[in-house]
Amino acid sequence: MNAIPLKEPHHVPDQLPTLETERLLLRPFETTDAARIALLAGDREIAATTLRIPHPYREEDAVKFIEAVGKEILKGKSAVFAIILKETGS
């Protein structure tokens, strides 16, 4: 899938470090993460246990999430990381 572009340019990677452990990378979200976020957050069981995740959860919802997180990071109000398994890249 192609990444959906953000409405505004954000420079979140400049604001947050990438953290690394033996198994994991913790890094700022990227627009290319939107499809995977939508897949994971779109699971009905996940949506049923949260108040803030709508169902169905679309890729456009994930882009809005990435934009919102980016704005909070740039304001210094948040630090949200994508968690990536080094072995698989997922």
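The values are calculated or read from the model by the stated rules, or taken from the named source; none is laboratory data. Quick caveat, the model's predicted, so the values are computed rather than measured. Here the Cβ is made from the backbone with ideal geometry for all residues, glycine too, and neighbour counts use every protein chain on show.
Quick one: Ser78 ticks every box in (1) within 20 Å of Thr18 (Cβ to Cβ); (2) of a type outside the set (A, V, I, L, M, F, W, C); (3) touching a helix residue (DSSP H, G or I) at 6+ places or on another chain (Cβ under 8 Å); (4) assigned to a helix (DSSP H, G or I) except a single one, so which number is it?
(4)
Given (1) closer than 21 Å to Leu16 by Cα; (2) more than 9 Å from the chain's Cα centre (by Cα); (3) among the aliphatic types (A, V, I, L, M); (4) not in a loop (DSSP other than H, G, I, E, B), identify the lone condition not met by Ile66.
Status for Ile66: all satisfied but (2).
Restricting attention to the stretch 24-38, report how many residues are out of contact with any helix residue (DSSP H, G or I) (no Cβ under 9 Å at 6 or more places or on another chain) and either free of Cβ contacts under 8 Å to residues at least 12 places away in the same chain or among the basic types (Lys, Arg) (or both).
Here the count works out to 0.
Among the residues of the stretch 35-63, what is the count of those that are among the hydrophobic types (A, V, I, L, M, F, W, C) and assigned to a loop (DSSP other than H, G, I, E, B)?
Residues meeting the conditions: 2.
For the stretch 54-90, which positions are basic (Lys, Arg) and surrounded by 11 or more Cβ atoms within 10 Å (Cβ to Cβ)?
Those that are basic (Lys, Arg) and surrounded by 11 or more Cβ atoms within 10 Å (Cβ to Cβ): Arg58, Lys64, Lys71, Lys86.
So Glu8 ticks every box in (1) assigned to a loop (DSSP other than H, G, I, E, B); (2) modelled with pLDDT of 95 or more but one. Which box is left unticked?
Going through (1) assigned to a loop (DSSP other than H, G, I, E, B); (2) modelled with pLDDT of 95 or more one by one, Glu8 breaks only (2).
When you scan the stretch 43-90, how many residues do you find that are aliphatic (A, V, I, L, M) and in contact with an Asp or Glu (Cβ under 8 Å, 6 or more places away or on another chain)?
4
Determine whether the stretch 18-27 contains at least one residue that is surrounded by 14 or more Cβ atoms within 10 Å (Cβ to Cβ), hydrophobic (A, V, I, L, M, F, W, C) and at pLDDT below 95.
no
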